[in-house]
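Here's the structure, in structure tokens; my notes come after.
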Amino acid sequence: MKRVVLLAINAKFTHSSLSVWALAGGVSRYASIPHDVSIVEATIQQADSDIADQVTAFRPDVVGISTYIWNAGKLPGLLKLLRERLPEAVFVLGGPEASHNAEYWLERGADYVLKGEGERSFAELLDELELCEAEDARNLITPTDANTEVRPLSTPKAASADIHSLSTADISTPADSRSPDDPIDPYTDEYFAALGGRMAYLETSRGCPYKCAFCLSAGSGVRFFPLEFAKRQIDKLSQAGAKTIKLVDRTFNCDAARAYELFEYVIGMNTGSRFHFEVAADLFDERTLSLLGAAPPGRIQLEAGVQSYFEPALKAASRQTDHEKAERSIRALLKEGSIHIHVDLIAGLPYETLADFVEGFDRAYSLGAHTLQLGFLKLLHGSELRKQAESLGINYSEMPPYEILSSYWLSTDDILILKQAENALQHTYNKSRFLSSLEYTFSVSAAQPFELFHIIGEAAPNHGTDLSKYAEQIYGVLARLKGVDESVLCDRMVRDWLSMVKGKNMPGFLRNPDKRRAIVAEAAEEQLGRKVRRDESAILLSGEGVFVDSETRDPVTGLYKVHTIKVG
């Protein structure tokens, strides 16, 4: 029996890991020898020494680590520290970062790198380690199939072994009496005890039918998990009280009929959980749009990847999108008002200049989605675009997440402009901040969407700025634009502040000392039937009174409801 620690290092405390629990389930199902498996979930914000303390407390014989772009920069130092503290342990890495960059990780302390799906291969490796140790013949470890890459290891402990990559069979192949179609169920009692209130992740399929050159799932094909199995998983997470359940299926609605059935199931549930799906908006049919329009407000969030409107860039990235159909679908769903819509764009794709991207950004912004993500091209290990980067003239960082630095079509100055706009977009619109103020500014000034966000990002960069100070900076930027009435803007910002902030005093520059505020508070208490805090009401420069119902929050936008009354 091996004492095993499976280590996940998440990007944030609010995130959880799915992979380590699936691997633990794989050991239970596929290992022929019992092993003692423990789970450690840490975050990239934690000190290496703290994470090492958590791992070494179990005195493991084997440490398995899931690698991703968000934790890859932290792992070399952590691996070195763990090696020092656990000199006899075997270190096994898996996940997309290690799978596509095995040599790098072998040189930095890994004994084995598992490629592809790991539920079966990790269990097989544990068995082999136990058997070979018992026979004192670790060199007997051999590849499980002809596709296994074989190289000598660089670490002294593993010098007699000659394998760093084990491929896994399809996870639906049974090793016991379960249904042949049932994948691993990672949701054990231990999982739920560890989850707390964090975001839960769920997969109902693996792979993707598309071949986007920036994605590691390109051309992998799709293996759908059985519908009844997926529904049971949804039930388990929902009944356990998970507030947000994010499905990691690469294109959830690539099978329209299957997506419809699962959407219908989620919509019909009696639950307070939110479900987040990654979709291709141009694949929706009218039947599915009608169903989604009837979803309880806030039940479903959809992330639709537009990526680019520039056809040469899409062609270079091997991506096809019917933009007109996608836009019709997004607008139809937004009109219903019950679903949070998130739209993605990628800056830095081949052939797309700054001007081309700005044109696409303004078009995407006009859709009115609740979130518009301005992401940057990442040249991931194993992706087609990374292989073509040199010939395409794309320069990128050698450090995770391998983001574009410049290209034939984007200079470093262009990237800076994009970064400035992204900073403002992220700290205003995408956090539902100052929405009414932005809307007003667009209506009276000549500024276009990207232009305005760049102006804000250049003049008022937010790198941890206090919200009250940031609000004053935003006001200063917008008030200087031609056509903007400062008093109207001030009133708009008062409304925005009440709708987006709870329990925090309004910034001094927005406070109106008008004594009629007491009348507004009295009216608010009468209408709401409860005591109203001082920071929940205000008098606008227009003379109107406003107050916020801080106990009524829109489940789609997350904003609090603001009421307006006339003050005599």
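Applying the selection to segment 9-37, what residues are surrounded by fewer than 18 Cβ atoms within 10 Å (Cβ to Cβ) and within 11 Å of Leu126 (Cα to Cα)? Passing the criteria: Ser32, Ile33, Pro34, Asp36. Of the residues making up segment 106-116, those that are crowded, with 24+ Cβ neighbours inside 10 Å and either out of contact with any Leu (no Cβ under 8 Å at 6 or more places or on another chain) or of a type in the set (A, V, I, L, M, F, W, C) (or both) are Ala110, Val113, Leu114. Listed by first and then second residue, the pairs linking a residue in segment 422-438 that is within 17 Å of Ala347 (Cα to Cα) to a residue that is among the hydrophobic types (A, V, I, L, M, F, W, C), with Cβ atoms under 6 Å apart and 6 or more places separating them unless they lie on different chains, are Glu422/Leu374; Ala424/Phe453; Ala424/Ile456; Leu425/Leu374; Leu425/Phe453.
Residues of segment 231-243 that are buried (at least 16 other Cβ atoms within 10 Å of the Cβ) and within 21 Å of the chain's Cα centre (by Cα): Gln233, Ile234, Leu237, Ser238, Ala242. Would you pick out the residues in segment 507-565 that are out of contact with any strand residue (DSSP E or B) (no Cβ under 6 Å at 6 or more places or on another chain), assigned to a loop (DSSP other than H, G, I, E, B) and more than 30 Å from Leu334 (Cβ to Cβ)? Selection gives Pro507, Arg511, Pro513, Lys515, Gly529, Arg530, Lys531, Val532, Arg533, Leu541, Gly543. Selection within segment 247-260: residues that are more than 21 Å from the chain's Cα centre (by Cα) and part of a helix (DSSP H, G or I). The member of this set that is surrounded by the fewest Cβ atoms within 10 Å (Cβ to Cβ) is Ala257.
Hey, does segment 480-502 have a residue that's among the charged types (D, E, K, R), surrounded by 14 or more Cβ atoms within 10 Å (Cβ to Cβ) and in a loop (DSSP other than H, G, I, E, B)?
Here is the first cut: in segment 480-502, the residues among the charged types (D, E, K, R) are 480, 482, 485-486, 491-492, 495-496, 502.
Applying the additional criterion that residues be surrounded by 14 or more Cβ atoms within 10 Å (Cβ to Cβ) yields 491-492, 495-496, 502.
Pick out the ones that are also in a loop (DSSP other than H, G, I, E, B) and you get 502.
Yes, because at least one residue in segment 480-502 is among the charged types (D, E, K, R), surrounded by 14 or more Cβ atoms within 10 Å (Cβ to Cβ) and in a loop (DSSP other than H, G, I, E, B).
Looking across segment 286-339, the residues that are within 30 Å of Leu410 (Cα to Cα), in a loop (DSSP other than H, G, I, E, B) and out of contact with any strand residue (DSSP E or B) (no Cβ under 9 Å at 6 or more places or on another chain) come down to Phe310, Ser318, Gln320, Asp322.
Every residue, every condition in (1) part of a helix (DSSP H, G or I); (2) under 20 Å from Ala280 (Cβ atoms); (3) of a type in the set (Lys, Arg), yes or no:
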residue	(1), (2), (3)
Tyr210	no, yes, no
Phe214	no, yes, no
Ala218	no, yes, no
Phe229	yes, no, no
Leu262	yes, yes, no
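Here's the yes/no breakdown for (1) over 29 Å from the mean Cα position of the chain (by Cα); (2) surrounded by fewer than 20 Cβ atoms within 10 Å (Cβ to Cβ):
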residue	(1), (2)
Glu88	yes, yes
Gly94	no, no
Glu97	no, no
Leu126	yes, no
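Residues of segment 190-208 that are touching a His at 6+ places or on another chain (Cβ under 9 Å) and part of a strand (DSSP E or B): Tyr201 alone. Residue under question is Gln320, and the condition is that it be touching a Phe, Trp or Tyr at 6+ places or on another chain (Cβ under 9 Å) and either free of Cβ contacts under 8 Å to residues at least 24 places away in the same chain or surrounded by fewer than 17 Cβ atoms within 10 Å (Cβ to Cβ) (or both); does it hold? Answer is yes for this residue.
Any read-out appearing in this document is the output of simple, stated calculations on the displayed coordinates, not a laboratory observation. Quick caveat: nothing in here was measured; it's all calculated off a predicted structure. Glycine also receives a Cβ, built like all others from the backbone with ideal geometry; neighbour counts cover every protein chain displayed.
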